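The next block holds one structure in the form of structure tokens; read it before the comments.
The values are calculated or read from the model by the stated rules, or taken from the named source; none is laboratory data. Remember, predicted model here, so these are calculated numbers, not experimental data. Cβ placement follows ideal geometry from the backbone for every residue including glycine, while neighbour counts extend to all protein chains displayed.
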Amino acid sequence: MDLIFRPRRGVHYSAISHDAVMLLLWMLVVAIVFYADLNFDPMKLFASGALVSGGIVFALQEPLRNLATGVTFQITKPFQLGDWVNFQSHLGRVKALKWAATEIETRAHERIQIPNNMLISQPVKNFSNTAIADEIEIGVSYEDSPGRVKEVIFKVVRDAAHVASDPPPQIYAWEYGDYAIKYRVRYFLADYGVQESVRDAIVSSLWYALRRHAIEIPYPTQTLEMRRRRVRRGADAEFEKEIISDLRRVDWLRELSDAELRVLLPAVQVHQFGVGEILMREGDSGDSFYIIRRGELEVTAKSPSGEIRHVAGLSAASPSPFIGESAFLEGGVRNSTVRARTDVEVLEMSRQGFTQLFRAHPELAEPIAEIIATRGRQRGALLAEAQRGDGAQGHRHRLLAKMRQIFDFPAAPKKPR
């Protein structure tokens, strides 16, 4: 029997149990009417039908086999309505269980009816367990150590939406290829229906993450030999001016001279993040902060009940187009998660540059601490401090002490009055 494609849509359900009950009820009603009103024994029908039953059974052999299989499915339940199944080359969601056939809907919204006797005689994959594995392969340059590559890939896959945390993602260095080490990346989904969108998000995010970490996805060797060496933008004077201009968008760096800002340049990196990627995760250590050059970010945080709540949106046009400075300067952990709402480009500032800056100019630390403390008060972060009675002044002194400890610079000499 051929597979039948049906383009129609609608609500479907398992009709086998309903139809079986209705058939038995109708047979009972007919028997009662024959016996009570016509004085006819219904058993005579079975006796007279015995002569032709062999021919009928033979003619109905295929439908009866499908019917028996449908009843078997109702009892054993190898799959249910809504399950994702794969039969031969057909992958789809079960939409209806009928007497003779099971109907599935593919991702292309094609309706396919598969005879039940075919389903019971050939393997059928059911993707509706609690955790369904999916995997991708990627080739990475021999120049990068497997440990570092696995760490970067793991963070990308872990942060992807719909990827289960238990069991966790698995990354294997699988094969030495001609021009790359091949990695197998396996992760688990609770709903196989999002498999394509999750794979798209992971593959897209890996491009951004590997690029940020200067990990190369190489072309074949023949192509690599013809590639021209790229010139670093950081060596270009115009690019240096552009970065200094971006640094001045941070209010607590605005008053620094060009010479002072140049001390920070070796610690500045330009990164790109794709839609949905996480820049900072709540609870992680705050060893860097970001200045937004292009795109939009979303800030979320967990409520006391564990609910993820939207806190704010940030973009390059925001009055304060930067994020993460408090944990960066105080040495604490992140109090929120920051995710890319669009493709974004940011400057990442590490502590190395500020260590050099504060050691050379310790007098700059106090005004910076004052600005950060003021912003914290404006955001409501000083509520606990006010309850203890020491207010903004105490917060500024503690912040300054924390900065001296983290960046290892001496106290600035007091100015004469």
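Cβ separations smaller than 6 Å between residues 6+ apart or across chains give no pair from the stretch 359-375 residues that are closer than 16 Å to Leu261 by Cβ and in the same structural domain as Glu260 (by TED's automatic domain parsing) to residues that are in a helix (DSSP H, G or I) and among the hydroxyl-bearing types (Ser, Thr, Tyr).
Among the residues of the stretch 177-186, at least one is crowded, with 19+ Cβ neighbours inside 10 Å and either under 15 Å from Glu135 (Cα atoms) or under 20 Å from the mean Cα position of the chain (by Cα) (or both). For the stretch 270-287, a tally of residues being closer than 20 Å to Ala369 by Cα and surrounded by fewer than 18 Cβ atoms within 10 Å (Cβ to Cβ) returns 2. Of the residues in the stretch 356-373, not one is closer than 23 Å to Arg158 by Cα, in a loop (DSSP other than H, G, I, E, B) and modelled with pLDDT of 85 or more. Scanning the stretch 300-327 for residues that are aliphatic (A, V, I, L, M) and over 16 Å from Gly274 (Cα atoms), we see that the one that is surrounded by the fewest Cβ atoms within 10 Å (Cβ to Cβ) is Ala317. Glu330 meets the stated requirement of being touching a Lys or Arg at 6+ places or on another chain (Cβ under 9 Å), at pLDDT below 85, in the same structural domain as Asp251 (by TED's automatic domain parsing) and surrounded by fewer than 21 Cβ atoms within 10 Å (Cβ to Cβ). Across the stretch 134-159, the number of residues qualifying as surrounded by fewer than 14 Cβ atoms within 10 Å (Cβ to Cβ) and in contact with a Lys or Arg (Cβ under 9 Å, 6 or more places away or on another chain) comes to 1. Restricting attention to the stretch 98-122, the residues being under 23 Å from Val194 (Cα atoms) and either free of Cβ contacts under 8 Å to residues at least 24 places away in the same chain or surrounded by fewer than 17 Cβ atoms within 10 Å (Cβ to Cβ) (or both) number 7. Looking only at the stretch 234-269, count how many residues are in a strand (DSSP E or B) and either surrounded by fewer than 17 Cβ atoms within 10 Å (Cβ to Cβ) or in the same structural domain as Ala201 (by TED's automatic domain parsing) (or both). Of the residues in the stretch 234-269, 1 are in a strand (DSSP E or B) and either surrounded by fewer than 17 Cβ atoms within 10 Å (Cβ to Cβ) or in the same structural domain as Ala201 (by TED's automatic domain parsing) (or both). When Ser197, Ser165 are screened for being hydroxyl-bearing (Ser, Thr, Tyr), closer than 24 Å to Glu277 by Cβ, at pLDDT below 95 and not in a helix (DSSP H, G or I), only Ser165 passes. Elements of the type strands (runs of 3 or more DSSP E) sitting completely within the stretch 273-323 and holding at least 3 residues that are at pLDDT below 90: these cover 308-315. In the stretch 329-340, the residues that are in a strand (DSSP E or B) form Cβ pairs under 6 Å with partners that are basic (Lys, Arg), at six or more places apart or across chains, as follows: Thr337/Arg281. Ala164 meets each of the listed conditions (1) without any contact (Cβ under 8 Å) to a residue 40 or more places away in the chain; (2) farther than 30 Å from Asp284 by Cβ; (3) among the aliphatic types (A, V, I, L, M) apart from (2).
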